[in-house]
Amino acid sequence: MNINKISFLASDTPEAINALASLQKRYKHVAPEEADIIVALGGDGFMLRTLHQFKNSKTAIFGMNRGSVGFLMNEFSEEGLEERLAKADPATVHPLAMQTTTKDGNVTDTHAINEVALLRQIQQAAKIRVLVDGIERIPELICDGVLVSTPAGSTAYNLSAHGPIVPIGAGVLCLTPISVFRPRRWRGAILPQSATICFEILECHKRPVSACADDHEVRDVIRVEIQEDSSISMTLMFDPEHNLEDRILREQFTL
């Protein structure tokens with residue numbers, strides 16, 4: 001790919017800021033709007049924010065880990081960056097589109113790259129009706145919450161909630177309950193990427209629920225609709241020996 005124009009972005013940690021200064025001294029760089037590729041310096045949280053910021057630009061993003069978590073990042077090195085970028089493998093990801101309706105009637109649309117998670121706001125468990133493509137699948141899910149994750153997000157919150165790890169190209173979404181009480185034996189589902197998932201909050205005044213699309217939270221929701229937005233394609237770049245497909249595969253065999 002063409003890498004004549006590189007832009008560097010960094011999180012606000014000292015490690016990332018120092019790395020930014022060193023790389024900008026060493027390599028020619030431009031503003032993000034002019035770049036062929038963006039090099040993001042930080043952790044997975046910063047990578048998600050960068051992807052959200054430039055989701056409509058179609059500019060590829062190569063992350064280097066200067067944070068505490070770096071599943072979506074490559075190893076940091078100042079050496080031979082231009083050669084690394086030229087050899088990097090692309091991984092295309094599509095976000096989830098989330099539409100929420102709140103108790104006061106407000107409707108909000110936003111995107112999630114990892115997952116959309118519904119969470120109880122108080123000590124009482126949430127009660128949620130689950131529909132897939134307009135068909136009721138669970139009339140009353142009693143739980144701390146429930147989430148829908150992309151393949152890229154299947155190793156994040158989804159994994160912590162005991163959801164499945166799925167390959168990037170699997171063409172599926174993960175539907176995973178969080179601390180489910182009833183139905184006791186339900187552990188989630190794997191759905192086609194074309195599915196539309198709808199959550200309706202039962203007893204919403206007594207048992208309020210919030211919906212989070214990555215780090216964007218909407219409180220007091222009564223209805224949440226989620227589907228993959230295939231109109232948006234984001235490209236992450238990875239070193240060939242440590243590409244995203246391979247690390248997701250290896251994560252499934254981590255003991």
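Readers should treat all values here as calculations from the given coordinates under stated rules, not as data from a laboratory. Just so you know, these numbers come straight off a predicted model, no measurement behind them. Positions of Cβ are generated from backbone atoms using ideal geometry, with glycine treated the same way; all protein chains shown enter the neighbour counts.
Considering only the range 93-103, I want to know if a residue exists there that is under 13 Å from VAL221 (Cβ atoms) and in a loop (DSSP other than H, G, I, E, B).
Taking the range 93-103 first, the residues under 13 Å from VAL221 (Cβ atoms) are 98-103.
Keeping just the survivors that are in a loop (DSSP other than H, G, I, E, B) gives 103.
Yes: the range 93-103 contains one or more residues that are under 13 Å from VAL221 (Cβ atoms) and in a loop (DSSP other than H, G, I, E, B).
Quickly run through the range 168-210 and pick out the residues that are in contact with a helix residue (DSSP H, G or I) (Cβ under 6 Å, 6 or more places away or on another chain) and either under 21 Å from VAL221 (Cβ atoms) or not aliphatic (A, V, I, L, M) (or both). Explain how you work it out, then say what you get.
Within the range 168-210, the subset in contact with a helix residue (DSSP H, G or I) (Cβ under 6 Å, 6 or more places away or on another chain) is 168, 174, 176.
CYS174, THR176, listed by residue number.
Take residues that are within 25 Å of the chain's Cα centre (by Cα) and free of Cβ contacts under 8 Å to residues at least 60 places away in the same chain and tell me which of the strands (runs of 3 or more DSSP E) falling wholly in the range 1-88 contain 3 or more. Before you say what the answer is, go through the steps one by one.
Working: elements: 6-10, 37-42, 60-65.
Answer list for the range 1-88: 6-10, 37-42.
Mind checking which strands (runs of 3 or more DSSP E) fall wholly inside the range 144-254 and carry at least 1 residues that are among the charged types (D, E, K, R)? Break it down stepwise before answering.
Details: elements: 172-182, 189-192, 196-202, 209-213, 216-218, 221-228, 234-238.
Ranges flagged: 172-182, 196-202, 216-218, 221-228.
Go through the range 156-178 and report how many residues are surrounded by fewer than 16 Cβ atoms within 10 Å (Cβ to Cβ), closer than 17 Å to VAL116 by Cβ and in contact with an Asp or Glu (Cβ under 7 Å, 6 or more places away or on another chain).
Residues in the range 156-178 being surrounded by fewer than 16 Cβ atoms within 10 Å (Cβ to Cβ), closer than 17 Å to VAL116 by Cβ and in contact with an Asp or Glu (Cβ under 7 Å, 6 or more places away or on another chain): 0 in total.
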